[in-house]
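Novice: Here it is, the structure in full.
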Amino acid sequence: MASIEEVKAALMQAAEQGSVTINQIRAAVENTEQMLTRLRAISAGTGHPTIAEAIARGEESRQRLAEAMTLIQGSAEAARRYIGVLG
């Protein structure tokens, strides 16, 4: 069985990994924004449904990435709170 100190260390590592993951997601959001900017620029003046679909899917992916960041932040915060509970 792991000691309390080992559990606390593992929780802190998990929370820190959450921070790393959030940074990676931020980079993905920035790349998605660049993709959307390019799609909007290239599609100016066209109303083709396929390009509209590409933009809509890109916007949805950006939204889901933001949701993932929020969930991961909550997870890391909960892990840190549990460290406090352990004392």
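Residues are listed down the side, and each one gets a yes or a no for (1) hydrophobic (A, V, I, L, M, F, W, C); (2) farther than 21 Å from residue 10 by Cα; (3) assigned to a loop (DSSP other than H, G, I, E, B); (4) modelled with pLDDT under 95:
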{"site": "47", "(1), (2), (3), (4)": "no, yes, yes, yes"}
{"site": "54", "(1), (2), (3), (4)": "yes, yes, no, no"}
{"site": "59", "(1), (2), (3), (4)": "no, yes, no, no"}
{"site": "62", "(1), (2), (3), (4)": "no, yes, no, no"}
{"site": "65", "(1), (2), (3), (4)": "yes, yes, no, no"}
{"site": "77", "(1), (2), (3), (4)": "no, no, no, no"}
{"site": "82", "(1), (2), (3), (4)": "no, no, no, no"}
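Novice: Residue 42 - would you say it is part of a helix (DSSP H, G or I) and touching a residue at least 12 places away in the same chain (Cβ under 8 Å)? Full working, then the answer.
Specialist: Working: part of a helix (DSSP H, G or I): yes; touching a residue at least 12 places away in the same chain (Cβ under 8 Å): no.
Spelling it out, it is not the case that residue 42 is part of a helix (DSSP H, G or I) and touching a residue at least 12 places away in the same chain (Cβ under 8 Å).
Novice: For region 26-45, which positions are surrounded by 15 or more Cβ atoms within 10 Å (Cβ to Cβ), farther than 16 Å from residue 67 by Cα and modelled with pLDDT of 95 or more?
Specialist: 35, 36, 39
Novice: Now for a separate question. Go over the candidates 1, 35 one by one and state the one that is out of contact with any Pro (no Cβ under 7 Å at 6 or more places or on another chain), part of a loop (DSSP other than H, G, I, E, B) and not aromatic (Phe, Trp, Tyr). Show your work before the answer.
Specialist: Details: 35 fails: part of a loop (DSSP other than H, G, I, E, B).
Exactly one residue qualifies, and that residue is 1.
Novice: Follow-up. Out of (1) within 22 Å of the chain's Cα centre (by Cα); (2) touching a residue at least 24 places away in the same chain (Cβ under 8 Å), what's the single condition that is false for residue 37?
Specialist: Condition not satisfied by residue 37: (2).
Novice: Same structure, new question: Any residue in region 1-24 that's more than 20 Å from residue 73 (Cα to Cα) and free of Cβ contacts under 8 Å to residues at least 12 places away in the same chain: show its pairings with residues that are in a helix (DSSP H, G or I) and not small (Gly, Ala, Ser) at Cβ separation under 6 Å, as long as the two are six or more apart or on different chains.
Specialist: none
Novice: I want to confirm something. Restricting to region 53-87 and keeping residues that are of a type in the set (Gly, Ala, Ser) and touching a residue at least 40 places away in the same chain (Cβ under 8 Å), which single residue is farthest from residue 30 (Cα to Cα)? Before you say what the answer is, go through the steps one by one.
Specialist: Of the residues in region 53-87, the ones of a type in the set (Gly, Ala, Ser) are 54, 56, 58, 61, 66, 68, 74-76, 78-79, 84, 87.
Remaining after also requiring touching a residue at least 40 places away in the same chain (Cβ under 8 Å): 68, 75-76, 79, 87.
Numbers: 68: 15, 75: 23, 76: 22, 79: 27, 87: 39 Å.
Restricting to residues being of a type in the set (Gly, Ala, Ser) and touching a residue at least 40 places away in the same chain (Cβ under 8 Å), the top hit is 87.
Novice: In this structure, does residue 28 turn out to be farther than 20 Å from residue 80 by Cβ, in a helix (DSSP H, G or I) and over 15 Å from the mean Cα position of the chain (by Cα)?
Specialist: On the way: farther than 20 Å from residue 80 by Cβ: yes; in a helix (DSSP H, G or I): yes; over 15 Å from the mean Cα position of the chain (by Cα): no.
When the stated conditions are applied, residue 28 does not pass them.
Novice: Here are 16, 5: which of them is exposed (fewer than 14 other Cβ atoms within 10 Å of the Cβ) and modelled with pLDDT of 95 or more?
Specialist: On the way: 5 fails: modelled with pLDDT of 95 or more.
After applying the criteria, what remains is 16.
Novice: A further question on this structure: With respect to residue 72, determine if the residue is closer than 28 Å to residue 19 by Cβ, among the aliphatic types (A, V, I, L, M) and touching a Ser or Thr at 6+ places or on another chain (Cβ under 6 Å). Please lay out each step first, then the result.
Specialist: Numbers: closer than 28 Å to residue 19 by Cβ: yes; among the aliphatic types (A, V, I, L, M): yes; touching a Ser or Thr at 6+ places or on another chain (Cβ under 6 Å): yes.
Against the criterion (closer than 28 Å to residue 19 by Cβ, among the aliphatic types (A, V, I, L, M) and touching a Ser or Thr at 6+ places or on another chain (Cβ under 6 Å)), residue 72 qualifies.
The values are calculated or read from the model by the stated rules, or taken from the named source; none is laboratory data. Just so it is clear, the structure is predicted and the values come from calculations on it, not from any experiment. Positions of Cβ are backbone-derived with ideal geometry, glycine not excepted, and every protein chain shown enters the neighbour counts.
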